[in-house]
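The structure under discussion appears below in the form of structure tokens.
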Amino acid sequence: MTESIIFYALLTSQLVLMSFYFPRRIHQRMQTAFYTYTPDQYPRLYPKPASYYERLHQNYRLANQLLLILGCSVMMAMLAIDFDLSAKHAQMVPWAIFMIQMMPQLALELAEFKQLKLMRQSDQRTTRKAELSPRRLFDIVPRPLFTVTIIILTVSFVLDAFMNDFNIGFDTSTFYRWLILGLGNMGFALGAWWLIYARKKNPYQSGTERKLQARANISSMLYVSIGMSLFVVISETIDTYELVRLSPAAMSLYCQLIAMASLSTMLNTLRLDRLDFEVYREEPQSA
Amino acid sequence: MELQIDIEAPTPVFTQLIEQIKQAVMKNRIHPGDPLPSIRQLANDLALNNKTVAKAYRLLERDSVIQTKGYRGTFIHPDAKTNCAVDLNGWVIGNLTDTIKSFRDRGVTDSEIRIAFSNVMNQREL
């Protein structure tokens, strides 16, 4: 009974957080940017007609509202059928809901990539600028956060092995967890490298702003990495102490922590007042 | 400190890079020992080919304006400010002017000078 209460409380929190709270903040941010830095005054920021952006904002909001209703319906159905929390793969239910909840976010990211591509294509300037100083990982990422991430990752590897009596053959679950954690963190490392050194996607972005964006992205990756490591330890503890009915609740909590780590870090670091929108104004025509 | 290049300017891009780095040293905007971005980073930021930036760095290193310290990266040379004042191009033009003048004084025609110059430049063992 207690496990059910914890699970449904966490699932409700997941639905509210992912389909109401964060979408609302993101929608407000998009609206503020759109109406403060209008297409008339900042044409470089809007390679497509203004109506496209209004439609995009509306669709994003609508998609999240629909997903909130859908999520609540699923939760009601689970309550109605008295969903068995100890069922095999029960913990995948909050994960699946999370993945569906992330769809509008993913669509927004894809729209941003297309937008940046159009901005690059429409950029007619022949001059290019670059900072004459190297970008290094620790100029961008706080060293303590990086160190803590590595320590927690190492501890999770060791604890996982310890709980399985250091039985880490190729056919053991420990090996697969190590593999998933290792590959996930390698993906983050590649992503960090790409953010620091790859060709910038926004042609108008200044060096300072690029560093700010890289800091936000890499910090959120580090927080997600910490979340992944902790999740491995928690799920292993759940398995060891046969608390299987808590798995779905743990998964829901994990999803929410991931969302908070990534979206919250991005929204708080990349505040609109920290970004330079003047670069998106039309250059004065020379006589 | 920011570099700015114009890809449509008549001056080659690598020359623009060299001149701007030298100017930054002369005007104390960068100092001896300051680190420079890697070739790849600068090429990516300016949307240039790596070889263009590498050429600029090679020539700056030849002139002892910058120095490469293996994996640690590229830095401004300790004597960069003095070395920036050395005009190798001017020195070459001055020497060639004197040499060509002496050939002309001895009656060598311009076409003979051009052919001889070309032959000497094409000698592999030179």
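Every residue in region A:239-252 that is assigned to a helix (DSSP H, G or I) and surrounded by fewer than 18 Cβ atoms within 10 Å (Cβ to Cβ), please.
Listed by number, the residues that qualify are A:239, A:240, A:244.
Cβ-Cβ distance below 9 Å, separation of 6 or more or different chains: which pairs start in region A:130-146 with a residue that is within 14 Å of another protein chain (Cβ to nearest Cβ) and open to solvent by less than 10 Å² (accessible area, probe 1.4 Å) and end on one that is assigned to a loop (DSSP other than H, G, I, E, B) and hydrophobic (A, V, I, L, M, F, W, C)?
Within 9 Å, the pairs are A:130/B:46; A:132/B:1; A:132/B:30.
Hey, among A:121, A:105, which residue is of a type outside the set (A, V, I, L, M, F, W, C), assigned to a helix (DSSP H, G or I) and within 14 Å of chain B (Cβ to nearest Cβ)?
Values: A:105 fails: within 14 Å of chain B (Cβ to nearest Cβ).
Residue meeting the stated conditions: A:121.
Restrict the check to region A:20-32 and report whether at least one residue is open to solvent by 60 Å² or more (accessible area, probe 1.4 Å), charged (D, E, K, R) and over 25 Å from residue A:261 (Cα atoms).
Within region A:20-32, not a single residue is open to solvent by 60 Å² or more (accessible area, probe 1.4 Å), charged (D, E, K, R) and over 25 Å from residue A:261 (Cα atoms).
What is the one condition in (1) away from chain B (no Cβ under 14 Å); (2) open to solvent by 50 Å² or more (accessible area, probe 1.4 Å) that residue A:194 does not satisfy?
Failed condition: (1).
Find the residue count for region A:21-41, including only residues that are free of Cβ contacts under 8 Å to residues at least 60 places away in the same chain, closer than 25 Å to residue A:52 by Cβ and not basic (Lys, Arg).
The total comes to 9.
Can we say residue B:11 is more than 12 Å from chain A (Cβ to nearest Cβ), closer than 24 Å to residue A:203 by Cβ and without any contact (Cβ under 8 Å) to a residue 60 or more places away in the chain?
On the way: more than 12 Å from chain A (Cβ to nearest Cβ): yes; closer than 24 Å to residue A:203 by Cβ: yes; without any contact (Cβ under 8 Å) to a residue 60 or more places away in the chain: yes.
Spelling it out, residue B:11 is indeed more than 12 Å from chain A (Cβ to nearest Cβ), closer than 24 Å to residue A:203 by Cβ and without any contact (Cβ under 8 Å) to a residue 60 or more places away in the chain.
Being facing chain A (nearest Cβ under 10 Å) and open to solvent by 20 Å² or more (accessible area, probe 1.4 Å) is the filter here; which residues of region B:14-44 pass it?
B:20, B:29, B:34, B:35, B:38, B:40, B:44, listed by residue number.
List every residue pair whose Cβ atoms lie under 9 Å apart, where the two residues are 6 or more positions apart in sequence or sit on different chains, the first residue falls within region A:68-89 and is more than 15 Å from residue A:15 (Cα to Cα) and modelled with pLDDT under 95, and the second residue, located anywhere, is polar (S, T, N, Q) and outside any helix (DSSP H, G or I).
A:85/A:91
Among the numbered criteria (1) touching a Lys or Arg at 6+ places or on another chain (Cβ under 9 Å); (2) buried (at least 16 other Cβ atoms within 10 Å of the Cβ), which one does residue A:258 miss?
(1)
Any chance region A:72-88 includes a residue that's open to solvent by 40 Å² or more (accessible area, probe 1.4 Å), at positive phi and out of contact with any Phe, Trp or Tyr (no Cβ under 8 Å at 6 or more places or on another chain)?
The answer is yes; a qualifying residue exists.
For the subset of region A:131-172 comprising residues that are aliphatic (A, V, I, L, M) and in a loop (DSSP other than H, G, I, E, B), which member is nearest to the chain's Cα centre (by Cα)?
The residue in question is A:141.
Based on this model, can you work out whether residue A:217 counts as part of a helix (DSSP H, G or I), open to solvent by 20 Å² or more (accessible area, probe 1.4 Å) and within 29 Å of residue A:33 (Cα to Cα)?
It is true that residue A:217 is part of a helix (DSSP H, G or I), open to solvent by 20 Å² or more (accessible area, probe 1.4 Å) and within 29 Å of residue A:33 (Cα to Cα).
Return the pairs, sorted by first residue and then second, in which the second residue is aliphatic (A, V, I, L, M), the first residue lies in region A:198-213 and is at the interface with another protein chain (Cβ under 8 Å from one of its Cβ atoms), the beta carbons are less than 7 Å apart, and the residues are 6+ apart or on different chains.
Pairs found: A:199/B:47.
The values are calculated or read from the model by the stated rules, or taken from the named source; none is laboratory data. In this text the structure is predicted, and so the values were computed from the model without any measurement. Positions of Cβ are generated from backbone atoms using ideal geometry, with glycine treated the same way; all protein chains shown enter the neighbour counts. What goes into the accessible areas is simple: the full protein's heavy atoms, side chains included, and nothing from ligands, DNA or RNA. Shrake-Rupley method; radii C 1.70, N 1.55, O 1.52, S 1.80 Å.
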